[in-house]
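To keep things clear, I will list the structure first and then write my remarks on it.
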Amino acid sequence: MRDFHLPGRSPVWFENGICATSHPLSAQIAVQTLRDGGNAMDAALAGAAVMGLCEPPMTGLGGDCFALISPAGSEDILGFNGSGRAPAGANPQVLRDRGLTSVPAEDPLAVTIPGAVEGFCRMHALWGRRDLDAVMEPAIHYMENGVPMAPRVVWDYEYKGFALTEEAKRHYLPWGRMPKPGDILRLPGQAEVLRRVVRDGPKGFYEGEVAEDMVDTLKALGGPHDLEDFASHRGTETDPVSGTYHGVELWEHPPNGQGATAILLSNILAQFDIASMDPFGADRAHIEAEATRLAYDTRNRFLADADHMTRLDHMLDPETGAKLARLIDPRRATATLTELSEEVHKDTIYITVVDRDRMSVSLIYSIFRGFGSGIATPKFGTLLQNRGSGFSLAPGHANEMAPGKRPMHTIIPGMLKRDGKVLMPFGVMGGAYQANGHARFLSNIVDFGMDPQAAMDAPRAFALSDRLNVERGYAPEVHQALADMGHNVMIPDEAIGGSQAIRIHDNGWLEAGSDSRKDGCAIGY
């Protein structure tokens, strides 16, 4: 139980349905959708659609999405891959000839075809209940009329808004300066895009004027994209992957997302008696950091588009985790990483909803880097992702850029099961941190019996390249102990990630939390 002398949050409890996400307006829209007769998928899509306005540094219609879904009356977990592919004209040699070893974040070649809109339409058709116009109406209303900028969003603007093109600034910095809390942002062009999607389905985005707006913008910057790249885009229904940590099943979306990395990391951690350690002490943080380095090194070697990845079984095998665990010195930082050429960043939004019939949706939606590529289209203001910067430029690498190929993604939705029943949809934002965040959240729940809110509010550390980012939530003596073990300890400027979760209890009630590192909340009815 938390110390009530200190600032904090308690988990919330509701009987009929809950949404947890990183902005309160999105959560309110989702819950109202449930009250109006929608199911968890309708609510998740309604809440997600408005997030490109509420949190434009994090997401938007020019991005990608992934989802895990457990339908009402079922304990099955299904997946949907709403991520886009490189255009047919993508050629990594063009970048190598420029002397580059990674895909520049603002280059048009970093812009893969946005998959979120088609994903929203397909998931609605497969699992939604209400008409699409009713689901999208709140987002259209607020895109047209505007919302006030929230404090964390203003911080993200200050931290990342410099990367916007002049056209993007016209749409996303209408004040002629960085925003202040309470400044109103309107995106009427994006409202019109959603109207066309409601009227025409995916064709309203991937064909006609909206697609032309995107293609013309990219071509003017030297991109190889054409209209056929957009018209041919289709998302994919998928079979999730899973592993078990001390009797609790961790379910993840399969590649090209990094969910297998979270399973590998949990398999490494399972070799140690984490439950006997101080949950906020140096010993646990050290083991987790070393395990993360090893799991991410494996990810960087093998993880790619599912059509190009050959070592998924190796990553999921518990014996792989056991072998890697034996490389860890419990007292010294010794694990080494191969240097990543791929750029990884920290920006996305996550939304989870459980309805009265216990349909569960775990949905993550992103434009990758803060403000994506920074490229927005002139007519509709569609802010384009830069997921292509997740490709490798190393010749022959499984994740090498290629026409029609999906890059490795950092965004991953999660679910937990126990005794064959869905226990908890959850997600952790934070780019590369997400796999680490999933394993840590799982350990907080299983090893230390934390409630969902406590599990996500707990301090975080993340081993990234040659440094260990440690939040100020750890005591100064822990920072020092980790340094004494050989870690290059740094306090990051930005809090590490964000998260949301909903726990389904056998007594018929739902318990949820939303990360204090973001502006959002968990609410229900």
**OP:** Can you tell me how much longer the chain between Lys379 and Glu477 gets when fully stretched, taken as 0.36 nm per residue apart minus their C-alpha distance, in nm with one decimal?
**Re:** 29.9 nm
Original post:
Sorted from fewest to most neighbouring beta carbons within 10 Å, what does the list Arg177, Arg152 look like?
Top reply: Arg177, Arg152
**OP:** Find how much the distance from Ala231 to Asp36 grows on full extension, using 0.36 nm per residue of separation minus their present alpha carbon separation; answer in nm with one decimal.
**Re:** 66.8 nm
**OP:** Quick one: grab the alpha carbon gyration tensor of segment 193-238, order the square roots of its eigenvalues as a ≥ b ≥ c, and give me rounded if a/c is under 1.5, else prolate or oblate depending on whether a/b is larger than b/c.
**Re:** oblate
Subject >> Computed label-point distance, nm, for sites Asp131 and Gln93 using a 7 Å Cα→Cβ extension >> reply: 5.3 nm
Original post:
What nm distance separates the two modelled labels at Asp200 and His314, each placed 7 Å from Cα along Cα→Cβ?
Top reply: 4.6 nm
Subject >> Val489, Val193, Val31 arranged by Cβ crowding within 10 Å, fewest neighbours leading >> reply: Val489, Val31, Val193
Subject >> Trp127, Trp13 arranged by Cβ crowding within 10 Å, fewest neighbours leading >> reply: Trp13, Trp127
**OP:** Sum -39500 (n - 2.57) across every DSSP H segment of at least 4 residues in the chain, then divide by the residue count to get the 222 nm mean residue ellipticity, nearest 500.
**Re:** -10000 deg cm²/dmol
Subject >> Length-normalised contact order for segment 1-156 - Cα pairs under 8 Å, 6+ apart - percent >> reply: 26 percent
**OP:** Compute the FRET efficiency between Ala322 and Asn145 as 1/(1 + (r/R0)^6), taking r as their Cβ-Cβ distance and R0 = 56 Å, and round to the nearest 0.05.
**Re:** 0.50
Subject >> Net charge dipole size for the chain [Lys, Arg +1 and Asp, Glu -1 on Cβ; Debye, nearest 20] >> reply: 380 debye
Original post:
Which pairs in the list Lys323/Lys405; Lys323/Lys421; Lys323/Lys417; Lys417/Lys518; Lys169/Lys219; Lys160/Lys518 are over 24 Å apart, alpha-carbon to alpha-carbon?
Top reply: Lys323/Lys405; Lys323/Lys421; Lys323/Lys417; Lys417/Lys518
**OP:** Would you compute, for the Cα atoms of the chain, the largest minus smallest coordinate along each principal axis and list the three values in descending order, in whole Å?
**Re:** 59, 57, 43
Original post:
Rounded, prolate or oblate: which fits segment 1-85 when a ≥ b ≥ c are the square roots of the eigenvalues of the alpha-carbon gyration tensor, with rounded for a/c under 1.5 and prolate only if a/b beats b/c?
Top reply: oblate
**OP:** Only Cα pairs under 8 Å and at least 6 apart count here; give the relative contact order of the chain as a rounded whole percent.
**Re:** 27 percent
**OP:** On a C-alpha basis, how far is the centre of segment 301-323 from the centre of segment 267-295 in Å? Whole number, if you could?
**Re:** 21 Å
Subject >> Computed lengthening from Met490 to His246, 0.36 nm per intervening residue step minus Cα-Cα distance >> reply: 84.7 nm
**OP:** Between Glu158 and Asp278, with labels modelled 7 Å along Cα→Cβ, what's the label distance in nm to one decimal, could you check?
**Re:** 3.3 nm
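No value in this document is a laboratory result; all are computed from the given coordinates. What you see is a predicted model, and the numbers here were worked out from it, not measured in a lab. Positions of Cβ are generated from backbone atoms using ideal geometry, with glycine treated the same way; all protein chains shown enter the neighbour counts.
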